[in-house]
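Undergrad: Quick one: the structure is below, questions incoming.
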Amino acid sequence: MKGEIAGALSSYRSGMERIRSGAAAYKDEDTYISEHRAALVSDTRRKIDAAEKSFCDVINGEVVPALRAELVDHMTQQPDKGVMQTLTYYQQFGVKLDAAEVKALAYDAAGNSLALRCLSSIAEKSGIKVSFPTTAEYSGIIDRLEKMGQPPLMYCPTQILHEGVEVMGNKPLRRADGTKYGEAGPVDSLYLIMTTQSVESTMKAADEAGDTWSAAVVPEISEYDVIKTEDGEEVSREAQRATDKLGAAQQVTAEDTTSQQIAATVTAEQKEAEDRAARGRAYYFGSDAT
C-alpha cells in the first residue's frame, strides 16, 4: 500500500510538471493548468483509494478476525495439569513463594494465560508481584489495527507532502471506532504528517506485539519436527520446546514487594496514630485544638 501511494503521488508530481510545461503554449495558462490538474487529481485519488481499500480489506476482513480467534484460543487454552496441581498445593497449604520459585513456575506454565494468572494471584499473597503480557494488551493492539484500517487512511510519504496536500482532499471526521461520518476543512502538511505517523506507529506496535505473542505461545511437543543445525547435529523436539518455554518465561518478571508493603503499612499506621491524637486533642481541648 505504501509503495502504491508513493507511486501514485510521484506520478502526479511528474504529470503536473508536464501540465505546467505544456501550459506555456496557451494564452490562459492558469485555466489550462486548472482543467488538466482536476483530471490528474481525480486519477491519482482513485489509485490511492484502491490501494487503501485493498489494505483495509485485508486488515479487517482477514487479519483482525484471525487475531481475535487466536486470542480467544490463547485465553481459553487449558493449562498443564501438573502445573495447576503444584499451584494448588501452594494455595491450599499457604506456602510462601520467593522470586526464584515464581520464575521456575513461570517456566513450567509455558506461556499459558490461565496458569500465569493463577500464579500471579498466589504469588501476590507472598508479596511477589508477577508481571507478564496480558490478553488485554494483545486485544488493545487488535483494536488499534481495526480502528486504523478505516479509509481514508490519509497516509502520505514525507518526501511528497506537497503533492499529498493537493490530492488528499478534506480531513475526515471519524467516530470512536475510526469510521468516517463527515469531512472538515482541507488537509495540510502537518495533518498528513500526523496521520502518517499514526499509521506507522500502529504497524510498529503490531509488529512488536506479534513478536511478544509469538514468544508467549509454546506449542505442544507433537507440533515440533526434529531439525538439524548447519553442523548436522539434530535438535530434538524436547530441546526445541525447552527453548520456547524459556523464551516465554523470560517475559515474566517477579518483583518482591515486601519492602513497599511494609512502608505502606507503616505510613498507614502513622496516619492512624496522628488521627487518633487529633481526635483526643479535640475531645479534651475543644474543636479548635490542633
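Undergrad: If we sort 101-114, 151-164 on the protection proxy, mean other Cβ atoms within 10 Å, highest first, what's the order? Let's see the in-between values first.
TA: Numbers: 101-114: 20.7, 151-164: 19.1.
Peptide ranking by packing, descending: 101-114, 151-164.
Undergrad: For the range 86-99, take each phi angle, set θ = phi - 60°, evaluate the Karplus expression 6.51 cos²θ - 1.76 cosθ + 1.60, and give the result in whole Hz per residue in order, putting x for glycine and proline.
TA: Each residue of the range 86-99 in turn: 4, 4, 4, 4, 4, 5, 5, 9, x, 6, 6, 9, 10, 4 Hz.
Undergrad: So what is log10(I(q)/I(0)) for the range 93-155 at q = 0.14, 0.17, 0.21, 0.22 1/Å, when the Debye sum runs over its Cα atoms only?
TA: Evaluating at q = 0.14, 0.17, 0.21, 0.22 Å⁻¹ gives log10 I(q)/I(0) of -0.52, -0.64, -0.82, -0.87.
Undergrad: Here are several values of mean projected area of the Cα convex hull in nm²: (i) 15.0; (ii) 29.4; (iii) 16.3. Which one was derived from the coordinates shown?
TA: Among (i) 15.0; (ii) 29.4; (iii) 16.3, the one derived from this structure is (ii).
Undergrad: Right, something else. GNM, the chain, Cα, under 10 Å: largest mean-square fluctuation among 199, 235, 217?
TA: In the Gaussian network model the winner is 235.
Undergrad: Where does helix 64-76 land angle-wise versus the long Cα axis of the chain, in degrees 0 to 90, nearest 10?
TA: Compared with the principal axis, the helix lies near 10 degrees.
Undergrad: Please report the net charge: other residues with Cβ closer than 13 Å to the Cβ of residue 52, K and R +1, D and E -1. Before the final figure, lay out the partial values.
TA: Working: positive: 2, 45, 46, 47, 53, 180; negative: 4, 49, 57.
Result for the neighbourhood of residue 52: +3.
Undergrad: Sum up the charges of everything whose Cβ sits under 11 Å from the Cβ of residue 142, counting Lys and Arg as +1 and Asp and Glu as -1, but leave residue 142 out. Before the final figure, lay out each step's value.
TA: Working: positive: 68, 144, 147; negative: 70, 137, 143, 146.
Spelling it out: positives minus negatives among the neighbours equals -1.
Undergrad: Kirkwood Rh over Cα pairs of the range 1-155 into Stokes-Einstein at 20 °C, 1.002 mPa s: D in µm²/s? Walk me through the numbers on the way to the answer.
TA: Details: Rh = 20.5 Å.
Taking Rh from Cα pairs, D becomes 104 µm²/s.
Undergrad: Only Cα pairs within less than 10 Å get springs; with that Gaussian network setup on the chain, which residue of 62, 146, 230 has the largest fluctuation?
TA: 230
Undergrad: Return a whole-number percent for the relative contact order of the chain, with Cα pairs under 8 Å and 6 or more residues apart as the contact set.
TA: Values: 308 pairs, mean separation 58.7, N = 290.
Rounded, it is 20 percent for the chain.
Undergrad: Taking the 0 to 90 degree range and rounding to the nearest ten, how far is the long axis of helix 29-58 tilted relative to the main principal axis of the chain, both from C-alpha atoms?
TA: The answer is roughly 30 degrees.
Undergrad: Considering Cα pairs under 8 angstrom that are at least six residues apart, work out the relative contact order of the range 137-237 and quote it in whole percent. Don't skip to the answer; put the middle values down first.
TA: Values: 92 pairs, mean separation 26.5, N = 101.
Taking the mean separation of contacting Cα pairs over the length of the range 137-237, I get 26 percent.
Undergrad: Mind pulling the angle between the C-alpha long axis of helix 135-148 and the longest principal axis of the chain? Nearest 10 degrees, somewhere in 0 to 90.
TA: Around 10 degrees separate the two axes.
Undergrad: If you build the convex hull over the alpha carbons only and average its shadow over all orientations, what do you get for the range 113-252? Give it in nm² to one decimal. Display every interim value, and only then the final one.
TA: Details: hull surface 56.1 nm².
Its Cα hull, projected and averaged over all orientations, spans 14.0 nm².
Undergrad: Give the aspartates and glutamates whose C-alpha is closer than 15 Å to that of residue 81, dropping any in the same chain fewer than 8 places away, or say none.
TA: Within the straight-line cut-off, residue 81 pairs with 108, 220.
Undergrad: Can I ask one more? If you build a Gaussian network model of the chain, linking Cα atoms that sit under 10 Å apart, which residue out of 72, 64, 252 swings the most?
TA: In this elastic network of the chain, the residue with the biggest mean-square fluctuation among 72, 64, 252 is 72.
Undergrad: If you don't mind, another one. Give the share of C-alpha pairs in each 5 angstrom bin for the range 134-192, from 0 to the last occupied bin, in whole percents, shortest bins first.
TA: Answer for the range 134-192: a P(r) of 4, 18, 22, 19, 15, 11, 6, 3, 1 percent.
Undergrad: List the lysines whose alpha-carbon lies under 23 Å from that of residue 228, not counting same-chain residues fewer than 8 positions away?
TA: Counting by Cα, and skipping residues close in sequence, residue 228 has these lysines nearby: 245.
Undergrad: Further, regarding this structure: Can you give the Rg to Rh ratio of the range 186-259, both from alpha-carbon atoms, with Rh computed by the Kirkwood formula?
TA: Numbers: Rg = 20.7 Å, Rh = 16.3 Å.
Reported Rg/Rh, Kirkwood definition of Rh: 1.27.
Undergrad: Name the aspartates and glutamates eligible as straight-distance cross-link partners of residue 125: C-alpha to C-alpha under 17 Å, and not fewer than 8 places from it in the same chain.
TA: In chain and number order, the partners are 98, 101, 255, 256.
Rule-based calculations on the coordinates, nothing more; no lab input. Remember, predicted model here, so these are calculated numbers, not experimental data. Here Cβ is always computed from backbone atoms with ideal geometry, including for glycine, and neighbour counts include all displayed protein chains.
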